[in-house]
Amino acid sequence: MALRELSSLEKFLGLKKPNKYSTQGDRKVPVLQSNSAPSLVGLGTIATHLAQEAKRPDLLGASAEERAVIQQWLEYRVARLDGCAKEDIKTILKDLNAYLEDKVYLAGNHISLADPLMYYGLHHIITDLAVQEKEKYLNVTRWFDHMQHYPGVRHHLPPVVVLRNRVYTSGHH
Amino acid sequence: MGFGDLKSPAGLKVLNDFLADKSYIEGYVPSQADIAVFDALSGAPSADLCHALRWYNHIKSYQKEKGSLPGVKKALGQYGPAGVEDTTSAGGDAADDDDDIDLFGSDEEEESEEAIRIKEERLAAYNAKKSKKPALIAKSSILLDVKPWDDETDMAKMEECVRTVELDGLVWGQSKLVPVGYGIKKLQIACVVEDDKVGTDQLEELITAFEDYVQSVDVAAFNKI
């Protein structure tokens, strides 16, 4: 799964030559072999490297604070999201919903590397959410819908229908 | 369309509600639509209108690029949830219809010049939109079974007669002859009709008018397109 994601990410970044990836371990951690440099292991690491290769430093954050936030979300993706248990999903969605309340993108006011990676990671969770749950975590749904319409992000993943249903209020206001 | 008076709490609430599941006023990138609405606000929305505040702060960060954002700035009444009346026009009896959106806030009595202008623009846009409606006509595909009197009836002539039936919104399609038994064949002919303009009883009447050839007409299949 991580490999398809990396190739979608390459397309999003506009990288012309796709890299060859392999996986290691039973958790299928992606590995990028390169001739000149030591191999890179881990989704977050490889993604960061790709962004730099594509000369998109804006995706990695303009200020030190932004950079830290982006790395934080990359780590969140790998450490907490991938392979999380069913019970954790509610907590994750709750945290994200609170975080996204006053933000359009995960870090700063422009799209960054964290956004597509979190989108890929959350896709299978959001696909399985019922309508009232989507309404409950409204900010996550909004951000998710925004991401899947952002040019170049969606690629290999099927779009998730997001419809506002006023019957289920978000209990927010 | 329109949010109502964006300087009033009711209008801001409409905006907040609208933005709850959207990042931008129109589409998925910042555009002139966002600038138009941004400029209409007198300041940052209060913290309890969290979605409006989020959007406001986000658009504020685009202030430097606001001239270069895509789109064309339209009158305020053009944006916002459909079905919300432009509340800057004088109040009416629609107040009870939409109880999830507070339409008429506190300023329904104001008939300022700007309000009248916005109302006119909105009306003009609505009429223009209505006249371009053809894109959404409901159509159905109907399969008719036309039965002759006996096996000596000239089916080719019968088909010709059926096809001479002309109505606005009716387009004849393919036809074939299906044997029914005892040498009798029925004519199965398809047509596409616009629901508003043509009804099956009307069709049946017109076809059975060819009494020499047609014994009866039935609707074999009726599918919405």
### Query
Does region B:120-160 hold any residues that are surrounded by 16 or more Cβ atoms within 10 Å (Cβ to Cβ), modelled with pLDDT of 85 or more and part of a helix (DSSP H, G or I), and which are they?
B:M155, B:M158, B:E159
### Message
Return the residues of region B:45-56 that are within 9 Å of chain A (Cβ to nearest Cβ) and surrounded by 22 or more Cβ atoms within 10 Å (Cβ to Cβ); say none if nothing qualifies.
### Response
B:H51, B:R54, B:W55
### Task
Among the residues of region B:195-215, write down those that are open to solvent by less than 30 Å² (accessible area, probe 1.4 Å) and either in contact with a Gly (Cβ under 9 Å, 6 or more places away or on another chain) or in a strand (DSSP E or B) (or both).
B:V198, B:V214
### Task
Search region B:57-86 for residues being open to solvent by 30 Å² or more (accessible area, probe 1.4 Å) and among the hydroxyl-bearing types (S, T, Y), and hand back the single one that is farthest from A:K103 (Cα to Cα).
B:S68
### Query
Using beta carbons and a limit of 7 Å, which pairs, at least six apart or on different chains, have the first residue in region A:86-104 and within 14 Å of another protein chain (Cβ to nearest Cβ) and the second one part of a loop (DSSP other than H, G, I, E, B)?
A:N97/A:Y137; A:V104/B:S23
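Sort through B:K7, B:K22 and tell me the only one that's within 27 Å of the chain's Cα centre (by Cα) and either outside any helix (DSSP H, G or I) or more than 12 Å from chain A (Cβ to nearest Cβ) (or both).
So the residue among B:K7, B:K22 that is within 27 Å of the chain's Cα centre (by Cα) and either outside any helix (DSSP H, G or I) or more than 12 Å from chain A (Cβ to nearest Cβ) (or both) is B:K22.
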### Message
Against the condition closer than 30 Å to B:F3 by Cβ and of a type in the set (V, I, T), how does B:I225 come out, does it pass?
### Response
no
### Message
Name the residue that is farthest from the other protein chains (Cβ to nearest Cβ), counting only residues in region A:105-152 that are buried (at least 24 other Cβ atoms within 10 Å of the Cβ) and β-branched (V, I, T).
### Response
A:V140
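The values are calculated or read from the model by the stated rules, or taken from the named source; none is laboratory data. These figures come from a predicted structure and were not determined experimentally. Note that each Cβ is placed from the backbone with ideal geometry, even for glycine, and that neighbours are counted across all protein chains shown. These area figures cover heavy atoms from the full protein model, side chains too; ligands, DNA and RNA do not enter into them. Shrake-Rupley method; radii C 1.70, N 1.55, O 1.52, S 1.80 Å.
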